[in-house]
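Right, one structure below, let's go through it.
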Amino acid sequence: MRVFACDHHDVPLPPGHRFPMEKYRRLRHALVDAGLLRPDEITPVDPGPLEPLLAVHDPAYVAALVEGTLPEAALRRIGLPWSKAFVARARASASATLAATAAALTHGFAGNLSGGTHHAHRDFGSGYCAFNDLAVAARWLLDHGHAGRVLIFDVDVHQGDGTAALMAGEPRVFTASVHGARNFPFRKVEGDLDVDLPDGTEDVAYLAAVRDALARSLATARPDFVLVQGGVDPLDADRLGRLSVSAAGLHARDLHILSTLRAAGLPVVYTLGGGYAEPISATLEAHLGTYRAALQVFG
């Protein structure tokens with residue numbers, strides 16, 4: 001299995017900041033400790049060139065973020081303070097999704113142990129997302145002739161507003177999002193398919209919604225490649241999720257998505273997405289469930 005990881009986790013955060021940066025480092029070790037991945041199956045990725053980012057983001061925004069001249073209000077909207085480490089991590093995360101995308105073209109499946117930064121728009125970041133790795137990868141696939149049509153299938157509890165906005169003028173990319181109706185972002189951006197779920201949605205209704213959305217997306221989009229934002233924040237233990245999906249339900253979700261895509265002969269990349277349970281061990285176990293599903297389907 002090919003999995004890529006951003007090793008830049010040393011982002012300084014203010015005291016009391018609740019973004020769970022630790023989950024990225026801990027997940028990498030947990031996957032190895034659980035016997036799901038060998039250490040040599042996880043490839044560290046450093047920040048790559050800016051060109052792929054500039055293909056979807058405003059050059060002035062990219063320059064300001066990289067150089068540290070972004071206004072304070074814009075940084076507050078992202079939700080993380082500026083530092084060189086923060087910029088390096090954001091760039092490396094997008095590079096890891098690009099690396100996974102290239103690997104999936106050959107191997108059928110690849111994962112990124114970060115990424116899924118679906119709230120980043122063309123000229124601003126939001127919700128812990130600085131660069132939109134999903135849009136960057138979709139643009140790369142199209143521009144380099146690796147795919148004619150791309151599906152971005154987002155099952156994070158938060159709607160992929162940035163992805164929908166960035167891909168709105170691109171008919172070859174189909175954006176689908178299954179998310180909490182009353183959760184962030186509170187001003188949604190209409191994608192090609194949006195499924196709004198009420199607070200407290202449990203396994204049966206959630207899985208039915210995901211299955212239906214995936215079937216409709218595949219029938220309409222007819223993709224050559226699928227990017228999945230596999231956030232585990234629909235988990236009942238998640239402090240930001242507002243849904244009531246069990247860890248078993250999330251595993252069943254990922255198993256259905258992956259088995260459906262493999263049966264269709266489609267290469268797929270899974271990005272990590274959100275997960276904010278306390279203790280963080282519940283989030284880690286849910287992410288492990290994603291890779292258990294990937295091993296069941298792809299071996």
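The values are calculated or read from the model by the stated rules, or taken from the named source; none is laboratory data. In this text the structure is predicted, and so the values were computed from the model without any measurement. Note: ideal-geometry Cβ built from the backbone for every residue, glycine included; neighbour counts use all protein chains shown.
Values computed for the structure shown
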read-out	value
Any hit, the range 31-43, residues being in contact with a strand residue (DSSP E or B) (Cβ under 8 Å, 6 or more places away or on another chain), closer than 23 Å to ALA293 by Cα, surrounded by 14 or more Cβ atoms within 10 Å (Cβ to Cβ) and at pLDDT below 90	no
Residues of the range 186-224 that turn out to be in a helix (DSSP H, G or I), within 21 Å of the chain's Cα centre (by Cα) and farther than 16 Å from HIS256 by Cα, as a count	1
Residues of the range 220-257 that turn out to be surrounded by fewer than 23 Cβ atoms within 10 Å (Cβ to Cβ), out of contact with any Asp or Glu (no Cβ under 9 Å at 6 or more places or on another chain) and either of a type in the set (Gly, Ala, Ser) or closer than 15 Å to VAL297 by Cα (or both), as a count	3
Close pairs (9 angstrom Cβ cut-off, 6 or more residues apart or separate chains): farther than 13 Å from LEU272 by Cβ and without any contact (Cβ under 8 Å) to a residue 40 or more places away in the chain in the range 23-38, among the charged types (D, E, K, R) and part of a helix (DSSP H, G or I) anywhere	VAL32/GLU41
Residue in the range 236-253 that is among the β-branched types (Val, Ile, Thr) and under 16 Å from the mean Cα position of the chain (by Cα) present	no
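Residue by residue, here is whether (1) crowded, with 16+ Cβ neighbours inside 10 Å; (2) within 20 Å of LEU98 (Cα to Cα); (3) in contact with a helix residue (DSSP H, G or I) (Cβ under 8 Å, 6 or more places away or on another chain) holds:
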site: VAL150; (1), (2), (3): yes, yes, yes
site: MET167; (1), (2), (3): yes, yes, yes
site: PHE174; (1), (2), (3): yes, yes, yes
site: VAL178; (1), (2), (3): yes, no, yes
site: ARG187; (1), (2), (3): no, no, yes
site: GLY191; (1), (2), (3): yes, no, yes
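Per-residue answers, yes or no, for (1) surrounded by fewer than 21 Cβ atoms within 10 Å (Cβ to Cβ); (2) over 28 Å from LEU240 (Cα atoms); (3) in contact (Cβ under 8 Å) with a residue 12 or more places away in the chain:
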{"site": "VAL66", "(1), (2), (3)": "yes, yes, yes"}
{"site": "ALA73", "(1), (2), (3)": "yes, no, no"}
{"site": "ARG91", "(1), (2), (3)": "no, no, yes"}
{"site": "HIS107", "(1), (2), (3)": "yes, yes, yes"}
{"site": "PHE124", "(1), (2), (3)": "yes, no, yes"}
